[in-house]
Amino acid sequence: MINSTNLVVSKFARTLFWKDSCVVGNIATDGRWIKIPASTWENIVNLVNTADISGLSDERIRKIVEGLCQIHVLIDDTEVAHESPLNIQPHDVALELTTQCNLKCKHCSYSFGGQNYEELPFDTVIALVKWCSNRNVKRIILTGGEPFCRKDILELIKEIRIYYKGSLEIMTNATMIGKATVPSIIENIDRLHISLDGYDETSVTAIRGRGVFKRVTDVIYELQSENFTDISLSCVDTGDIQKITNFHKFAQQLHVKPIVRRLNLKGRADTNFQYENSDRVEPISSDDTNMKSICHHTYSSLFINTRSQVFPCASLREMKYNIGEFSAEKLEFELDYPSMAPIVDIIDECSSCPVRYFCASPCISQNDILFSNKEYRTKRCNKLRENLFRIIWE
């Protein structure tokens, strides 16, 4: 039974208006939405603000309120604490061990592979691992750059295992994993996430360089021969549908888990690819539209770079997304939580658009790329706005 005295409007609730109608949804959960008369929404907000129980005696209003609760626009006041990141308890933590990389992939978002690089100090890594262990973090992901560029990588993962019993995983291009490395991986690592970005010598060479395909597949076969089978293989979607189809078939043949990643148009990727390679969203009906335009999992995953700076995820490494830093001496995070607002509310050309939340992606990083660039933003608007307007308002 709904009690209006306990209801509040979620801080992630957003409204769009057109003529006498109003679209209401939660931009951070699953993005479900409903369209109601604007006057009805005003009445419901007033009902909630004044805790007017008598307002629910209207059957039509009561059903709409129930619907708004189902899509998390209206929440119980006891749920407000769950919308705040103050008591941070991440499910997984990614550690950038190094910015060094032995490859210069064409789609690299951070242009790794140069002569200058940084490493997260050994002692800081262990301090972070201890923090994760004390907080019961489920997964630690070691990433880079290329983690195996570190000369002390085997010693490091062995030391990590002394303090951490959760899932220890490595993101790698696998080209620096030799036979001598395999026993240490089998003993200490739970899962390998290998980037390949193709399905044969030609397709992989086009992105990652000559000889990479064979080196990676040889490593996979070697690991599998030793009964290490928890391996995922990833491919960045650069707009070639046939390539992705072939990649899935190849992963199936290799008996590894295929993962397709979205192209992140930063660094070398922005030089070698265009908007059309990264955005292929084409809504066709109300069933495949939603208002989810900001990541609800912000702070459930943390990324710590080589300077001990903390970010909401590995795709948000720019300083404007920095939420604090880790102190190895104090063995704690010193964090400041900025208010994450959807970019379509910030950009002048988008802020009054009556379909803006349907246009934005849930990925903050992707939104930053597509909407901060005027050329990309205009192309996206021309591509989506008319169709979205028809679906939402007509």
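Structure notes:
- Centroid-to-centroid separation of region 177-247 and region 291-313 [C-alpha atoms, Å]: 26 Å
- Chain lengthening between LYS151 and ASP30 when straightened (0.36 nm per residue, less Cα-Cα): 39.2 nm
- Each label point was placed 7 Å from the Cα along the Cα-to-Cβ direction; for THR5 and GLU201 their separation is 7.7 nm.
- Relative contact order %, region 19-162, counting alpha carbon pairs below 8 Å whose residues are six or more apart: 21 percent
- The antiparallel fraction among DSSP beta bridges confined to the chain stands at about 45%.
- Region 95-115 and region 322-341 have Cα centres lying 25 Å from one another.
- Among LEU316, LEU74, LEU154, residue whose mean-square fluctuation peaks in a GNM of the chain (springs only between Cα atoms under 10 Å): LEU154
- Net charge, GLU118 excluded, C-beta distance under 13 Å - Lys, Arg +1, Asp, Glu -1: +1
- Mean separation of Cα pairs under 8 Å and 6 or more residues apart, divided by the residue count, gives the chain a relative contact order of 16 percent.
- FRET efficiency, TYR117 to PHE389 (Cβ-Cβ, R0 51 Å, nearest 0.05): 0.60
- Among LYS165, LYS63, LYS138: highest mean-square fluctuation, GNM of the chain, C-alpha pairs under 10 Å: LYS63
- With K and R counted +1 and D and E -1, the other residues having a Cβ less than 15 Å from that of GLN100 yield a net charge of -1.
- Near the amide H of CYS22, within less than 5 Å, lie the amide hydrogens of ILE36, ALA38, all on another chain or at least 5 residues away, with H placed in the peptide plane.
- Three-way shape label, region 237-303, alpha-carbon gyration tensor, a/c 1.5: rounded
- Cα→Cβ-extended label distance, 7 Å offset, between SER232 and ARG161, nm: 2.2 nm
- Sulfur and carbon atoms: percent of accessible area, the chain [1.4 Å]: 49 percent
- Correct option for Kirkwood radius over Cα pairs in Å [calculated from the coordinates] among (i) 23.3; (ii) 21.7; (iii) 22.7: (i)
- Region 195-308 - percent relative contact order, Cα under 8 Å, separation 6 or more: 20 percent
- Above-threshold pairs, the threshold being 31 Å between Cα atoms, out of LYS106/LYS257; LYS104/LYS130; LYS158/LYS266; LYS35/LYS243; LYS214/LYS292: LYS104/LYS130; LYS158/LYS266; LYS35/LYS243; LYS214/LYS292
- Most mobile of GLY144, GLY267, GLY25 in a GNM of the chain (Cα contacts under 10 Å): GLY267
- Using the Cβ-Cβ distance between ASN246 and GLU66 with R0 = 56 Å, the FRET efficiency computed as 1/(1 + (r/R0)^6) comes to roughly 0.75.
- Near GLY267: Cβ cut-off under 14 Å, other residues only, Lys/Arg at +1 and Asp/Glu at -1. The net charge is +2.
- From its DSSP helices (H runs of at least four residues, each -39,500 (n - 2.57)), the chain gives a residue-normalised ellipticity at 222 nm of -10000 deg cm²/dmol.
The values are calculated or read from the model by the stated rules, or taken from the named source; none is laboratory data. These numbers come from a predicted model, not from an experiment. Cβ sites come from the backbone with ideal geometry, for glycine too, and all protein chains shown count toward neighbours. The area values use the complete protein model at the heavy-atom level, side chains included, leaving out ligands, DNA and RNA. Shrake-Rupley method; radii C 1.70, N 1.55, O 1.52, S 1.80 Å.
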